[in-house]
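Shown next, in structure tokens, is the structure this report addresses.
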Amino acid sequence: MDSMNGKRNEEYSHIQDKGEIGFIDYEDNASVCTYKPEEEGPIVISVPFPLQNGKPRSVLVGETSSDPITIMNTTSEPVELWKVDIYDSNPKESFTVSLMEPPSANTDLEDDSGFVEFFCLEDRVLQPGQTLTIWLSCKPKGIGLHQTAVHFDLENERIERVVLLFVEDKISKSLASNKPYSRERRKKSLVIDKNAADTFVAGERPPPRRSNRGSRFYLAEYPIPKHIRELVGDEKVPDCITEGVTRGNYGIYFTTLINLEEVQVEENMQGYNMERIYFRKKGKFLTLEVPGLAERRPSLVKGDEIYVKLAAEDSNEANRIYQGYIHRVEAEEVYLKFDRDEEFHSRHNSWALYNVQFTYNRLSMRKLYQAIEVSEFLDRELLFPSESTRKRQIRRSQLSPLSSILNEEQKRAIGMILGCKGGPPYVIYGPPGTGKTITLVETILQLYTIRKDVRLLVCAPSNSAADHILEKLVSEKEVSFGKNNILRLNAVTRPFEDYQSDLQFCSFEESSFNCPPLNILMRYRIIISTYASASQLYAEGIRRGHFSHIFLDEAGQASEPETLIPLSHLCKKGTVVVLAGDPMQLGPVIHSRHAESYGLGKSYLARLFEYEFYNMGNENYVTKLVRNYRCHPEILRLPSELFYNGELIASKEATADSMAWVDLLPNRDFPVLFVGIQGCDEREGSNPSWFNRFEISKVVEYIKILTESEEKKLNGEDIGVIAPYRQQVLKLSNTLEDEGFSGIKVGSVEQFQGQEREVIIISTVRSTIKHNDFDKIHCLGFLSNPKRFNVAITRARSLLIVIGNPHIIGKDPHWRMLLWRCVDNGSYQGCPLPERQDFLQDYPAEDSYSAGYEGEQLTDDLNEWHLGNDKPWVSDEVAPEVQKPAVDESEWSDGWK
């Protein structure tokens, strides 16, 4: 044994039985690696690889990194150092210690022949005042967090040093933020009184479209009551919404909820205000670039107003406000016109800086208020089926399918709808991949061909969903549609270039959509529109009862007031109303937390399932489709058990293409792969949205594996990437573009609802407990949101890859079940796993449960979710609690709710 003179110990070192240090979250436990050695005692041990700006230091994969550790004896007596031991490392054996400085990459091989490194150094004596220097080295074994605990065993005590390092590759390093996150100063709003013309210079509105004849029926203003604004300002909830909806309070209940929502939307719009920006002159317009506009953040359309004033405080014009109108929207740029006399245009200087305030376009909200107002004329049993005076018995019609691929459940649903005579809505309950759209389209085709007197209104919540229905209808070879039989009614504000379907079924003029006059509208047998655009039909004069059938597709995605737009104006007692959707997938997007929690976040479809007829599956009210044609059986198994009582039947046929990449999987029979990585969730600049560059790099790695092998035969269009935060989506999209990949869709769960891909890769982003808890409280990201989980994991046809931190994502019961299913099937790769908390010990394996809820709240006790086989399709509602909003608005991030 050598003396403590800095020479190496030539004795053989061993690795004894090791403990485990487990997962260390530097955000939550920064103290474990931010020691103050001078406060520990007479033996002072320095901190290797100290945190930088509160975060672990970054090193490059493939390059050994080393840092010295000094051990100083400040006493007047010799001290025995029994051992310096690498207690544990994650990944295993990625850290070593040595008595010599490790050679650099440029060191000659002959010069480093004497270098030896160990996992344990033993038996040293520190003389009084002596300092021993040893070196800690990390040899990265992949990207992500590397951690170790080094123990220093002295005569009577043990001192520990915990080390954390982030290992990066080229991609993750290129995405590192150069601009630390800081809250953006809240921008001041301009003081504007729209009723006082002298407070601003009025702008020039876009010219009216030639076909805009003016609505026959006036749409009132529906101003928000002053007392509602005051209650919101005082963070109080109006009494009229606290008891839930009844027939007696229906109007005031939903009107108040929309009041709350509109106040929040107005406030959100102010977050898009811009300061010290400049305009460009393009012809007769001034243009303004608005970041995020292409993503509808903010959502601006032709005809919207903005207000501007010079930013210079010492300008004579500083207090003069100009009103502008949007005349055109292109990508992220709006074309504006201001005052009619063109004073603003003529005096505009390209170097002048302005403050800009956006205003919220209330048209869509006013349509909701109007629909609620006239809902009092609807038949009672339509809104409240339990109040029906009779129990409906439908005589199912015989069916000669136009499509040969219909299954028994689909045929039954169509036959029941054909035999329906009105009354409460009939529901096609369509879990993921069960052919809901095919069923809906076949029903429409059957009615169109066998009943010449029917008039059908078909609505969907989005333009893309409505376009899809049209495409499915006109593609049916057995049925021919004349130009005057079917109309795709578009909003007049929809950009013409946004429409990709057959224009022969649309009404337009000079590259702008319009609504035909009443005499022409009356001729169409099928009209397809969004929920909101259906208001044009009423405005033109079509009255209740004109349509024999009203179909509402994706009804679970629309709020109840949205659903009322076509129903309140156009439905009467004998109208057959059909809803198609899935209450277990994502519901409507609501901005106000109070409005969502007290009922606006619950769709009309979901509320119907509170009634026994629907809840228990009475075939006179609902048909549940159970054959899934999308997913591999193992992808389908967990969501089927969690959300659909285990009733879904995997009916997807295996093809050569769908099995081409099974050799990439640890278990060829289990096409769900969980890739564990301990990364870092971060923000940059003034953007409150989160991203995880380590997960981005891992996503790219798997995409390369899937696409570069000729045997896999995968194109970009076969792959979808889902992430919960806008910044992660944006950075993923840009990185894939930089790497030369095309056709790969990257988006939020909401953007993938109703879609599917051969392969889905999910990046969960979150990697720290503190931020994870914030998400759970405020229902952001993936956590505490069973519906978001359900949609995310059911988009893949053949292969699902989840990339995330198992220590974080496993805090949620649903994700934990997915994680351990992968582990149990030998389909986990990556960082060390957390200690197993067996979900099945708490919740019996033989019991599946239905995670029914609204308001995006998750109960802590899953036993309340109708465990057992006697539960209904959708469980009783969990009483929602209003979550306290974040104090810092920017910390809400995006949520992608």
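The values are calculated or read from the model by the stated rules, or taken from the named source; none is laboratory data. Being a predicted model, the structure only gives us computed values, none of them experimental. Neighbour counts are summed over all protein chains in view; Cβ atoms, including those assigned to glycine, are modelled from backbone coordinates with ideal geometry.
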Selection status of Leu586, under 21 Å from the mean Cα position of the chain (by Cα) and either at pLDDT 95 or above or not in a loop (DSSP other than H, G, I, E, B) (or both): no
Kindly provide the set of residues from region 498-548 that are assigned to a loop (DSSP other than H, G, I, E, B), of a type in the set (Asp, Glu) and free of Cβ contacts under 8 Å to residues at least 60 places away in the same chain, ordered by number. Asp502
Do we find that Phe481 is aromatic (Phe, Trp, Tyr), buried (at least 17 other Cβ atoms within 10 Å of the Cβ) and either closer than 26 Å to Gly423 by Cα or not assigned by TED's automatic domain parsing to the domain that holds Ser603 (or both) in this structure? no
Report whether or not Asn349 is part of a loop (DSSP other than H, G, I, E, B) and either modelled with pLDDT of 90 or more or farther than 20 Å from Leu447 by Cβ (or both). yes
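Here is a yes/no grid of residues against (1) at pLDDT 90 or above; (2) in contact with a Pro (Cβ under 9 Å, 6 or more places away or on another chain):
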residue	(1), (2)
Ser364	yes, no
Ile394	yes, no
Leu402	no, no
Leu406	yes, no
Gln410	yes, yes
Pro424	yes, yes
Condition first: of a type in the set (Phe, Trp, Tyr), out of contact with any Lys or Arg (no Cβ under 6 Å at 6 or more places or on another chain) and either closer than 17 Å to Ser597 by Cβ or surrounded by 14 or more Cβ atoms within 10 Å (Cβ to Cβ) (or both). Now tell me which residues in region 216-251 satisfy that. Tyr250
Looking at region 358-371, which of its residues are assigned to a loop (DSSP other than H, G, I, E, B) and among the hydrophobic types (A, V, I, L, M, F, W, C)? none
Boolean, Gln585 is touching a strand residue (DSSP E or B) at 6+ places or on another chain (Cβ under 9 Å), more than 21 Å from Arg392 (Cβ to Cβ) and among the polar types (S, T, N, Q): no
For region 248-281, what are the residues that are basic (Lys, Arg) and at pLDDT 90 or above? Arg280, Lys281
Just checking, does region 647-661 include any residue being closer than 21 Å to Gln755 by Cα, out of contact with any Phe, Trp or Tyr (no Cβ under 7 Å at 6 or more places or on another chain), assigned to a helix (DSSP H, G or I) and hydroxyl-bearing (Ser, Thr, Tyr)? yes
Considering residues of region 604-631 that are among the aromatic types (Phe, Trp, Tyr) and in a helix (DSSP H, G or I) only, the residue surrounded by the fewest Cβ atoms within 10 Å (Cβ to Cβ): Phe613
Which pairs do you get when a residue that is in a loop (DSSP other than H, G, I, E, B), found in region 372-391, comes within reach of a residue that is of a type in the set (Asp, Glu), reach meaning Cβ atoms under 9 angstrom, with the pair 6+ apart or on two chains? Ser388/Glu381; Thr389/Glu381; Arg390/Glu381
What are the pairs, 6+ residues apart or on separate chains, where a residue within region 407-431 that is closer than 22 Å to Asn628 by Cβ has its Cβ under 8 Å from a residue that is among the basic types (Lys, Arg) and in a helix (DSSP H, G or I)? Ile428/Lys436; Gly430/Lys436
